[in-house]
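Below is one structure, written out as C-alpha cells; the observations come after it.
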Amino acid sequence: PHLAALVLARGGSKGIPLKNIKLLAGVPLIGWVLRAAIDAGVFHSIWVSTDHDEIEKVAKQFGAQVHRRSPEVSQDSSTSLEAITEFLNHHHEVDIVGNIQATSPCLHPSDLIKVADLIQKEGFDSVFSVVRRHQFRWSEVKKGENKMTEPQNLNPAKRYRRQDWPGELYENGSFYFAKRHLIEKGYLQGGKMAYYEMRAEHSVDIDIDIDWPIAEQRVLSFGYFGKEPLKEVKLLVCSIDGCLTNGRIYVTEDHKEMVSYDYRDIVGIDLLKKRGIQVRLIADRDCSKTLSAMQLECVAKVNVTNKLQVLKDWQEDMGLSWKEVAYLGNEESDVECLKQAGMSGVPADACAAAQKAAGYICKSRGGCGAVREFAEHIFLLLEKVNSARKQ
C-alpha cells in the first residue's frame with residue numbers, strides 16, 4: 001500500500017505570521033518534521049499541503065512534494081480532515097495518509113518507523129500519537145455557580161506519589177495515520193485503532209509552547225539533527241565578506257578601502273577559541289589589509305578561487321572528520337563548503353543558494369552579529385553532544 005506523509009501548512013496563522021516556516025533553532029519549523037519523515041524511509045511519498053508560495057518554496061527545499069490546496073480548505077474554519085480529503089481526491093495512488101503536524105519539531109524517525117509497522121504489518125486502520133502525563137484533574141466551576149469543584153482522577157485523601165501512579169494518556173497532536181477508507185467516511189480515528197506513546201521530551205507542540213525561545217531550547221536538547229550523531233566541533237571556517245563584515249566596501253578619495261564589522265562577532269571568535277575551537281577565515285578577494293587591521297590572530301586564506309579545496313586541505317591537515325568542521329558562508333562560492341561541513345550556517349541576508357544549503361539560518365545579518373550568533377548555536381549543540389556522552 002502507498003503510504004504518504006502529509007504535512008498541512010497553510011499560510012494563515014492568527015498567532016504567529018507564517019509560523020510554519022518561521023526559523024526555530026535556525027531551521028524553518030516545517031523543516032524539522034520533513035527531515036524526520038524523509039530519514040524514516042517508510043514513506044512512498046512526502047507532501048506538504050499549502051496555499052502559500054513561500055511555504056511551497058521551503059517544502060521543496062527540504063525535499064517534499066507540494067499539493068496546492070484550494071481556497072475552500074484554506075480558511076481559518078477549515079478542518080484538517082477537509083484538507084486531507086481534498087489531497088486524497090487528487091492523489092488516487094495513496095492508500096494510507098500519515099498526517100504529521102508541522103508544529104511538532106521534536107519528532108524522530110524512529111517514531112514514524114514504528115507507527116508505519118503498526119498500520120502496515122499489524123493491520124491497524126488508524127494510529128495516533130499520545131503522551132503520558134501525571135496531572136490531577138478537577139471539575140470546572142464556572143463563575144457565578146454556587147458549587148464546589150470535584151476531583152476527576154484522584155482521591156485527595158490518598159494522593160498518589162508520581163512514581164506510584166502510571167499517569168494518563170493524552171493526544172499530543174504530533175501525527176495521525178489513517179487508511180483511505182476511513183478518511184473517505186469522515187474519520188481520522190476509527191476502525192481497528194491504536195495509539196503510539198511518544199516520549200515526553202519529544203512531545204513539543206509549538207501551538208502550546210508559544211514562547212519561541214523556550215521551544216528552541218527544547219528542540220536543541222531533544223530534536224532530531226540527522227542520521228549521524230553529532231560530534232564536537234573543532235574547526236569553524238568563516239567567510240569574511242558578508243559574514244564577518246556586511247559585505248560593503250567603502251572607498252575613500254585616495255582609493256583606500258574601508259569595511260565595518262561588529263564587535264560582537266570578535267567576541268564570538270574569542271569565545272570559540274577559549275572553548276578550544278580553531279577559527280579560520282576565507283575570502284574570494286584579497287583583504288589582507290582588512291584582516292591585519294582587525295588583529296584577529298586567525299589563520300586566513302584570501303584571494304581564493306576554490307573555497308572547497310582550501311576547506312578540504314585544512315580538514316585533512318588537522319586530521320578532522322567533516323562532522324567536526326563548521327562553516328559559515330553567505331555566497332554561491334560557499335555552497336559546496338556548506339554542504340560538506342558537518343555544521344553549516346549563513347547570515348539572514350545570505351543568497352538563496354547558500355540558505356538552501358545551510359543547516360542553520362541566523363537571525364542576524366552579515367557583519368551585524370551573525371558570527372556571534374552562530375558561535376552560540378555551536379555551543380548549544382556541543383552541550384547536546386556532551387549530554388549524549390554522559391547518557
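Which of the residues spanning region 174-208 are open to solvent by 40 Å² or more (accessible area, probe 1.4 Å), closer than 14 Å to residue 104 by Cα, of a type in the set (A, V, I, L, M, F, W, C) and in contact (Cβ under 8 Å) with a residue 12 or more places away in the chain?
Matches in region 174-208: 200 only.
Looking at (1) free of Cβ contacts under 8 Å to residues at least 12 places away in the same chain; (2) surrounded by 14 or more Cβ atoms within 10 Å (Cβ to Cβ), which one does residue 211 not meet, given that it meets all the others?
Against the list (1) free of Cβ contacts under 8 Å to residues at least 12 places away in the same chain; (2) surrounded by 14 or more Cβ atoms within 10 Å (Cβ to Cβ), residue 211 comes up short only on (2).
Show me the helices (runs of 4 or more DSSP H) entirely contained within region 165-278 in which 2 or more residues are at pLDDT below 80 and assigned by the TED database to the domain that holds residue 81.
It comes to 212-222.
So residue 81 ticks every box in (1) touching a helix residue (DSSP H, G or I) at 6+ places or on another chain (Cβ under 6 Å); (2) surrounded by fewer than 17 Cβ atoms within 10 Å (Cβ to Cβ); (3) touching a residue at least 40 places away in the same chain (Cβ under 8 Å) but one. Which box is left unticked?
(1) is the only condition that residue 81 fails.
In this structure, is residue 338 hydrophobic (A, V, I, L, M, F, W, C) and closer than 20 Å to residue 242 by Cα?
So residue 338 passes the test.
Go over the candidates 93, 86, 56 one by one and state the one that is touching a Ser or Thr at 6+ places or on another chain (Cβ under 6 Å), surrounded by fewer than 22 Cβ atoms within 10 Å (Cβ to Cβ) and of a type in the set (D, E, K, R).
56
Taking region 126-146 as the region of interest, how many residues are open to solvent by less than 90 Å² (accessible area, probe 1.4 Å) and without any contact (Cβ under 8 Å) to a residue 12 or more places away in the chain?
3
Counting just the residues of region 3-21 that are of a type outside the set (A, V, I, L, M) and touching a residue at least 24 places away in the same chain (Cβ under 8 Å), which one comes out surrounded by the most Cβ atoms within 10 Å (Cβ to Cβ)?
Checked region 3-21; the qualifying residue surrounded by the most Cβ atoms within 10 Å (Cβ to Cβ) is 20.
Of the residues that make up region 333-354, is at least one closer than 15 Å to residue 282 by Cα, over 18 Å from the mean Cα position of the chain (by Cα) and open to solvent by 40 Å² or more (accessible area, probe 1.4 Å)?
yes
Restricting to region 242-278, count the residues that are open to solvent by 10 Å² or more (accessible area, probe 1.4 Å) and under 21 Å from residue 312 (Cβ atoms).
Selection size over region 242-278: 1.
Could you check residue 149 against (1) open to solvent by less than 70 Å² (accessible area, probe 1.4 Å); (2) of a type in the set (S, T, N, Q); (3) touching a residue at least 60 places away in the same chain (Cβ under 8 Å) and say which number it fails?
Here residue 149 meets the rest and fails (3).
Take the residues in region 28-66 that are among the charged types (D, E, K, R) and touching a residue at least 60 places away in the same chain (Cβ under 8 Å); name whichever of them is farthest from residue 79 (Cα to Cα).
Within region 28-66, the match that is farthest from residue 79 (Cα to Cα) is 39.
Hey, does region 341-357 have a residue that's touching an Asp or Glu at 6+ places or on another chain (Cβ under 6 Å), in contact (Cβ under 8 Å) with a residue 24 or more places away in the chain and in the same structural domain as residue 269 (by the TED database)?
yes
The values are calculated or read from the model by the stated rules, or taken from the named source; none is laboratory data. The structure displayed is predicted, hence computed values, not measured ones. Note that we place each Cβ from the backbone using ideal geometry, even for glycine, and neighbour counts take in every protein chain shown. Keep in mind that these areas ignore ligands, DNA and RNA; they rest on the heavy atoms of the full protein, side chains included. Shrake-Rupley method; radii C 1.70, N 1.55, O 1.52, S 1.80 Å.
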